[in-house]
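The values are calculated or read from the model by the stated rules, or taken from the named source; none is laboratory data. This structure is a prediction, so every number in the text was calculated from the model and none was measured. Cβ coordinates were reconstructed from backbone atoms using ideal geometry, including for glycine residues, and neighbour counts include every protein chain displayed.
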Amino acid sequence: MRITISGRNIELTEGLKQAVEEKLSKLEKFFKPDTDVYVTLSVEKDRQKIEVTIPAKGHVIRSEQVSNDMYVSIDLVEEVIERQLRKYRTKISAKKYAPAIFQDDFVEADDADDAEDEEIKIVRTKRFGMKPMYPEDACIQMELSGHDFFVFRNAENDEVNVVYKRKGHTYGLIEPEC
């Protein structure tokens, strides 16, 4: 794995870099050697935050952890990503394919803690009409509906977009790439 570490409002010491590389190297068994891993360490007041993003063929594996100690955040982010990968492995095993980004034995590995993995089950489908609106209007509709996200047709480009609530009482907009 190729790990790229960057920092915001923090000096990247050799100890921090080594801790990140040591923890994330535990994930090498899941990925091919040419996999890129992007790590961003940041400090905001008393919050020590680490963000890890792993672009995988057709998917993005991502985790963000915050604590009052950067080393604790590093430990937490590794645990969360490993849990995500084990859950994802169960999903792709059921579909009988393995994306090219993962090691060949990723799908075949059998761990005792797979019992905690759950099968993905869609329990409800909802259909609704989408009238064109601006992202700001979609945020208002989302607030009125009491949901954390809202799917709408963007009046500016006539594409389907999603607005969602973010931490810190802000909003995000997801637009499709063409």
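Residues that are modelled with pLDDT of 90 or more and closer than 25 Å to Val66 by Cβ: list the strands (runs of 3 or more DSSP E) wholly contained in segment 128-178 that include at least 2 such residues.
Working: elements: 149-154, 160-166, 170-174.
Strands (runs of 3 or more DSSP E) meeting the threshold: 160-166, 170-174.
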Every listed condition ((1) exposed (fewer than 14 other Cβ atoms within 10 Å of the Cβ); (2) in contact (Cβ under 8 Å) with a residue 24 or more places away in the chain) holds for Asn68 save (2)
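Go through segment 4-24 and report how many residues are free of Cβ contacts under 8 Å to residues at least 60 places away in the same chain and either touching a helix residue (DSSP H, G or I) at 6+ places or on another chain (Cβ under 6 Å) or surrounded by 14 or more Cβ atoms within 10 Å (Cβ to Cβ) (or both).
The first filter runs over segment 4-24 and keeps only residues free of Cβ contacts under 8 Å to residues at least 60 places away in the same chain, leaving 4-9, 11-24.
Next cut, either touching a helix residue (DSSP H, G or I) at 6+ places or on another chain (Cβ under 6 Å) or surrounded by 14 or more Cβ atoms within 10 Å (Cβ to Cβ) (or both) only: 5, 7, 16-17, 19-21, 23-24.
Final tally of qualifying residues: 9.
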Got a sec? Which of Val72, Val66, Val20, Val52 is of a type outside the set (Phe, Trp, Tyr) and either under 13 Å from the mean Cα position of the chain (by Cα) or at positive phi (or both)?
-> Val52
Between residues in segment 25-47 that are closer than 10 Å to Ile3 by Cβ and residues that are of a type in the set (Lys, Arg), which pairs lie under 9 Å by C-beta distance while being six or more apart or on different chains?
-> Thr35/Arg2; Asp36/Arg2; Val37/Arg2
